[in-house]
Amino acid sequence: MKKVTVPEQSTVEKAVRHAAAIGVAVKESVYPLTATVQYPRQRKKMPDNFRGYILFDPEKCINCWECAFICPANAIRMKEAPNKKYYPTIDYGRCIFCHFCIDSCSGGALRATKIHDVAYKDMDEMLTLTEEMIEPPEIIREDKKLVEYQIDEKDLRLKKTREEDNLIVEKAPPPVEIQMVSQCIDRASCIGCHVCEHVCESGAISSSIANGVMRMKIDTDTCTGCGLCVKECSMQILTLVRK
Amino acid sequence: MKMVTESEWEVNVPDKQLKDKVYFENLKSVVIDTEMCSRCLTCAAICPGGITVVNNKVDFPDYETKCLDCGACVRVCPRFVYEPKSGLGDYIEFTAGRSKRFAGQDGAMVTEFIVSAMEMGLIDRGLFAGRDENWATEMFHVRDSEQLTITTLGGTKYTFADVLPELKKAVMFTKSGVGVIGTPCIVSGIRKLQQEFPIFREKVKLVVGLFCTENFHYDDISNFLKAKGVDFSKLVKTDITKGKFISTMTDGKVKFKVTEAEDIVASGCNVCTDFTAVESDASCGSVGSAKGFSTVVVRTEVAKKVIEFIRAKGHADFGDADPAQLDFLIGHKKKRAENIKR
């Protein structure tokens, strides 16, 4: 068995090493190398596609209910508005912030923000009504510094700048480009009820009658692939296909 | 992935008799108001708006504003352009059967037909008219023969069932096909749907018709039976045999002549000449065979395959049936052609 002994050092060597240790201590006390963000005085810079609080724009909503259908946590309920349209409400007690609703929103009515720190008094308050989703929620901002993690050659560093982050993403990151378009798969079974034409928000479906024959047409260029007509077709003969 | 091909198509628009009115008003004036309507509900099945039944009559509340004016109801209504059918039709086989597996009215051959077709893989569901404790009909999608342990699914109800609106749902759900049971008017409605819309041609694989002289609206027959002293909570079976309406209860029977119920026969039945459901794949009924057996008239190859399957598996006993015994009722219904005023 070998015993580990203190290496033999000269007095000068010892002095140099002690000085170096004191130097590190002084440096850490003046400019600490910590990875902790001092929230709420500091706020971490979130990426633009951060999945936070969800905003809603009723002007862009096409009433397709897709957000409510796709929500895996059943957090979205549709409520009837005074204008007879149905708009989403989100129960943040259930929401898992997957943002499937935002990804599936074909009208672009739902929008992500970087807000992740909304406080509620109780569970009931977490049910966010449509009106409350239009404007960003009130949150108390105490942050003076914006912190960004940076990895340099040696270490992880915190880059701190004296600015306030805009938590509302002005320009959303481009959605995944899968262009879908509505198509009739059993044209002979069409009853010609024009329900598809009535519900189409983009005016892509048109019809004309001449000599006892109704001609239905889907304009593949203007069709946004929202799927409203697919849902409403009473014969279920419409489907979405890749453009 | 399906490629986008043509995105234009054409739909034939039927002619209107009342030019400036919506199609439902046309249907109403030609069929419903003239008491020609059989209440088969083919129109309600296809209507994307709101054709429904109000006070025993097919109606569309607020049709002036809500009718989409597509003309589908007029296209599928078997009585809008009425071609009365009667007789036995061209049949391949005329026989009598008694199911060994099921209990129903007489030989329970209708149930046997649908279940065997399901076992053959021809269809994946059959539509049965069940009933609640007050003998009001409700539709069931039967996907497994075990479901038929619900005894209320078998047996005749003598009141209208909403078969066709349910058939449309079944057609939307089904993967391989649907089997359906119906009175002659319902069978005509199905054939009309199949003629107009390919989706029904593809999905409705087996149509079993029932021998039918007339049918009653639920309110009418239930009030009538209650007046005769029938207690619905004890009622187990209703049957019309040799001109007598027999209500079998757990503690006895109430019998009266069918002619007594003449006044409450649904108006559409007065112009119906079809007794055997001529347009069906196979039709069944008690007339023409011995007690405990059902007469089976096989008309198409599909039904022939099913009956051969039943024979091969030994699911039913077969006996003799006499077409001549049906002549009286066929003739009786044929006379109703006089009531058609057009």
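Miscellaneous remarks
- For the range B:156-161, putting each phi into the Karplus relation 6.51 cos²θ - 1.76 cosθ + 1.60 with θ = phi - 60° gives couplings of 8, 10, 6, 8, 5, 10 Hz, in residue order, rounded to whole numbers and with x for Gly and Pro.
- Separation between Cα centres of the range B:270-300 and the range A:150-229, rounded to whole Å: 54
- Bridge type composition, the range B:109-203 - antiparallel percent by DSSP, nearest 5: 65
- The protein assembly as shown - share of DSSP beta bridges that are antiparallel (%, nearest 5): 85
- With Cα atoms as the point set, the radius of gyration and Dmax of chain B evaluate to 20.1, 67 Å.
- Restricting the calculation to Cα atoms, the range B:23-76 shows an Rg/Rh of 0.90 when the hydrodynamic-style radius is the Kirkwood one.
- Rounded FRET efficiency, nearest 0.05, which uses the C-beta distance separating residue B:146 from residue B:15 and R0 of 35 Å: 0.10
- For residue B:217, the residues whose modelled amide H falls within less than 5 Å of its own, excluding neighbours fewer than 5 places apart on the same chain, are B:266.
- Quarter of the Cα convex hull surface for the range A:180-242, i.e. its orientation-mean projected area (nm²): 3.9
- Seen against the Cα atoms of chain A and their longest principal axis, helix A:11-30 is set at about 40 degrees.
- Shape call, the range B:100-156: gyration tensor on alpha carbons, a/c limit 1.5: oblate
- Over the protein assembly as shown, the Kirkwood radius and the radius of gyration, each from Cα atoms, give a ratio Rg/Rh of 1.21.
- For B:98, A:187, order by how many other beta-carbon atoms lie within 10 Å, fewest first: A:187, B:98
- Residues in the range B:256-297 reached by a label modelled at residue B:338 [backbone nitrogen below 16 Å; 7 Å Cα→Cβ]: B:270-273
- Distance between the pseudo-spin-label points of residue A:222 and residue A:186 (7 Å out from Cα toward the beta carbon): 2.8 nm.
- Shape category assigned to the range A:36-83 from the gyration tensor of Cα positions, a/c cut at 1.5: prolate
- A prolate overall shape is assigned to chain A, the ratio a/c of its alpha-carbon gyration tensor axes (a ≥ b ≥ c) being 1.5 or greater and a/b exceeding b/c.
- Greater than 24 Å apart at Cα, pairs in A:60/A:114; A:79/B:168; A:27/A:159; B:157/B:253; B:169/B:205; B:157/B:333: A:79/B:168
- Just so you know, the averaged projected area of the alpha carbon convex hull for the range A:48-138 sits at 5.6 nm².
- Cut-off under 5 Å, modelled amide H: who pairs with residue B:274 long-range: B:85
- Note on residue A:123 and residue A:236: their simple-model spin labels are 3.6 nm apart, each label 7 Å out from Cα toward Cβ.
- Which of B:275, A:50 has the fewest Cβ neighbours within 10 Å, and the rest in rising order: A:50, B:275
- Inter-chain neighbour count for B:9-19: the average number of beta-carbon atoms from partner chains within 10 Å of each residue's beta-carbon is 5.
- Once the chain from residue A:39 to residue A:211 is taken as fully extended at 0.36 nm per residue, the excess over their C-alpha distance is 54.7 nm.
- Other-chain or far-sequence residues with amide H under 5 Å of residue A:158's (modelled H): A:150
- Isolated Cys in chain B, by beta carbon distance under 4.7 Å: B:37, B:47, B:67, B:77, B:212, B:269, B:272, B:284
- Counting other Cβ atoms within 10 Å as a rough exposure proxy, the listed residues A:120, A:31 run A:31, A:120 from fewest neighbours to most.
- Distance from the range B:95-155 to the range A:42-97 (C-alpha centre basis), Å: 47
- The Cys residues in chain A with no partner Cys Cβ within less than 4.7 Å of their Cβ are A:61, A:64, A:71, A:95, A:98, A:105, A:184, A:190, A:200, A:223, A:226, A:233.
- Bridge type composition, the range A:34-188 - antiparallel percent by DSSP, nearest 5: 85
Quick note: the coordinates plus some simple rules give every number you see, no bench work behind them. Bear in mind the structure is a predicted one, so any value in this text is a computation, not a measurement. Using ideal geometry, Cβ is built from the backbone for each residue, glycine included, and neighbour counts are taken over all protein chains shown.
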